[in-house]
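Any read-out appearing in this document is the output of simple, stated calculations on the displayed coordinates, not a laboratory observation. Since this is a predicted model, take the numbers as computed values, not measurements. Reconstructed Cβ throughout: ideal geometry from the backbone, glycine too, with neighbour counts over all protein chains shown.
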There are 2 protein chains.
Amino acid sequence: MGHEVLAVVLQVRDHVLSVLLWQRARPPYEGGWALPGGALGVAEGLGPSIRRQLKQKVDVRELTHLEQLETRGAPDRHPLTRVLATAYLGLIPAGVDPLTPEDTRWHPADRLPDMAFDHAELVDSGRRRLRSKLSYTNIGFALAPPVFTLSELTDYYRAALGYEVSATNLQRVLLRRGQIQPTGASAPPGRYGGRPAALYRFRVRELEVTDAFAVLRPPGRIAPQVG
Amino acid sequence: MGHEVLAVVLQVRDHVLSVLLWQRARPPYEGGWALPGGALGVAEGLGPSIRRQLKQKVDVRELTHLEQLETRGAPDRHPLTRVLATAYLGLIPAGVDPLTPEDTRWHPADRLPDMAFDHAELVDSGRRRLRSKLSYTNIGFALAPPVFTLSELTDYYRAALGYEVSATNLQRVLLRRGQIQPTGASAPPGRYGGRPAALYRFRVRELEVTDAFAVLRPPGRIAPQVG
DNA sequence: GATGTTTTCGACTTCTGGTCGAAAACCCAG
DNA sequence: CTGGGTTTTCGACCAGAAGTCGAAAACATC
């Protein structure tokens, strides 16, 4: 009964939420697309293992976030042997384009190719996780480069959420929650001019949960961190 | 490299969030308290396995909710061999008192006894999961009996969340979200009288996510399901 | 300098949740 | 059966968060 680790690596590429896949050259599922990953080493932890495996497909230094997603153990999920799989969700900020091997491609997350094993379900699971965490955590930092304009950030949110997002609301909400702050600088205007956009950065670049959203907050209200 | 499944089974008992534990009779961690669970069968899925294992400690028909929590794979989490563990979160509604074996007891979730392996961390993980899901899902149904008064429901929420909850707010919020609905009947008043409490039930007794809480809701607003 | 483009900001509105206190509906004691 | 105690329920009011809209700001090109 083997155990493997897999990763759903997501990135907003060219306005589209995309997932990193590689094409299998051998059966089973020859020609099918699969998530990066591989067998867990005998004395290896799950987290270290997925980082090691990912190195074969992408530059892991670009990974801004990595968290465990779920473990699949259906006896027939692999047609030949019994393999449990623990899947991780990894995020890469927009803007960078990490080197990848020949067999590896980015695919739009909502139009997957022929997928091997149960990997399509895992991709969906990752998308749902990202979607929901965007609303009650600061996980947006993992989708955005260190510095960005509000239009760009709005675009990352729209791509990840799958629906239109209002830049005005996004700005107000993230500012009030203390997630983003202006750097002071501004970006050069685009091709046809327009007001130069202010540059922002995430105040904290690691996962934090927004404590709002309780049926009833604890009596001693925590003062909201406003700039 | 073995694999086991474990369950953090929670129930509000006598106003206190409690977890089901059994006391180990043999090393390692002799005398320490552990989560129910055991080795995964060779041709057994994870979900079926945890249900099978739980039967040895509690009546699984009382379980109103069961979901995967996380998988632990640190090489040294078991002192003798390598064992991966996939933990589940199980919930039992208040009011029932399932039969349990001699070695098994309910313990307050915030004052755990000497725990075996990494099981204390898993209990905390389960508590956090429950806490957060109480605010953006209807998971309260799994803590409450089929029919309940608002005072009782408030008590379950208070016990699970760890802080005081206002019955007025809870009622308004859950009604507006369409999670609960009055049955029409009312409960008999208590020992010293008092207005008889109206009885409520959860409209749906399986997990549903409340779609509120988006940075920006999708344009076509879903009409809130109000009674 | 006029026009077009993009960003930013403020004003207004709506929705959700928090607080409080009065009224309702019961019990019991005298 | 009347008054006091108890618990639940409900309405009124307020604060805060979010949605919508449009005008103003700051650039470019012609």
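What to note about this one:
- Potential extension, A:THR100-A:ALA74 segment - 0.36 nm per residue separation minus Cα distance: 6.3 nm
- Centroid-to-centroid separation of region A:107-143 and region B:1-78 [C-alpha atoms, Å]: 29 Å
- Proximal charge balance of B:SER125 [Cβ under 15 Å; K/R count +1, D/E count -1]: -1
- Eigenvalues of the alpha-carbon gyration tensor of chain B, scaled by 5 and square-rooted, set the equivalent ellipsoid semi-axes at 35, 21, 15 angstrom, largest first.
- In the protein assembly as shown, the DSSP beta bridges split such that about 70 percent are antiparallel, to the nearest 5.
- Antiparallel bridges, percent of DSSP beta bridges restricted to region B:2-133 (to nearest 5): 65 percent
- For region A:138-152, backbone phi angles converted through the Karplus equation (6.51, -1.76, 1.60; θ = phi - 60°) give residue-by-residue couplings of 9, 4, x, 4, 7, 8, 9, x, x, 9, 7, 9, 5, 4, 4 Hz, Gly and Pro being listed as x.
- Protection proxy ranking of A:103-109, A:189-195 - average other beta-carbon atoms within 10 Å, highest first: A:103-109, A:189-195
- Each other copy holds its own label point for A:PRO27; taking that point as 7 Å from Cα along Cα to Cβ, the gaps run 5.0 nm, nearest first.
- Spherically averaged projected area of region B:145-202 from its Cα convex hull (nm²): 4.3 nm²
- Two-decimal ratio, region B:74-187, of alpha-carbon radius of gyration to 2.2 N^0.38 Å: 1.31
- Of the residues B:ALA25, A:GLY95, B:SER151, the one whose Cα sits farthest towards the positive end of the charge dipole of the protein assembly as shown is B:SER151 (charges of +1 on Lys and Arg Cβ, -1 on Asp and Glu Cβ, taken about the Cα centre).
- Computed 3J(HN,Hα) for region A:165-172, one whole-Hz value per residue from the Karplus formula 6.51 cos²θ - 1.76 cosθ + 1.60 where θ = phi - 60°, is 10, 7, 4, 4, 5, 4, 4, 5, glycine and proline marked x.
- Environment charge at B:GLN53 (Cβ cut-off 12 Å; Lys +1, Arg +1, Asp -1, Glu -1): +2
- Total charge dipole magnitude, region B:2-133, about the Cα centre, Cβ charges on Lys, Arg, Asp, Glu only, Debye to nearest 20: 240 debye
- Put simply, the Cα atoms of the protein assembly as shown extend 77, 52, 35 Å along their principal axes, the longest span coming first.
- The dipole here belongs to chain B: it is taken about the Cα centre, uses +1 on the Cβ of Lys and Arg and -1 on the Cβ of Asp and Glu, and is about 760 debye.
- Partner lysines for B:LYS55 [C-alpha distance under 26 Å; skip if fewer than 8 residues away on the same chain]: B:LYS133
- Backbone amide hydrogens, once placed in the peptide plane, bring B:ALA7 within less than 5 Å of B:TYR88, excluding anything fewer than 5 places away on its chain.
- Evaluated at q = 0.21, 0.24, 0.27 Å⁻¹: base-10 log I(q)/I(0), Debye formula over Cα of region A:21-94: -1.10, -1.31, -1.41
- Across the copies of the chain, A:ARG105 has label points (7 Å from Cα along Cα→Cβ) spaced 6.1 nm apart, shortest distance listed first.
- Closest approach of any chain B Cβ to the axis that rotates B onto A belongs to B:THR71, 2, distance given in whole Å.
- Semi-axis lengths, Å, region A:58-120, gyration tensor of Cα atoms, sqrt of 5 times eigenvalues: 25, 15, 11
- Inter-copy separations for B:GLY41, label at 7 Å along Cα-Cβ, nm, ascending: 3.5
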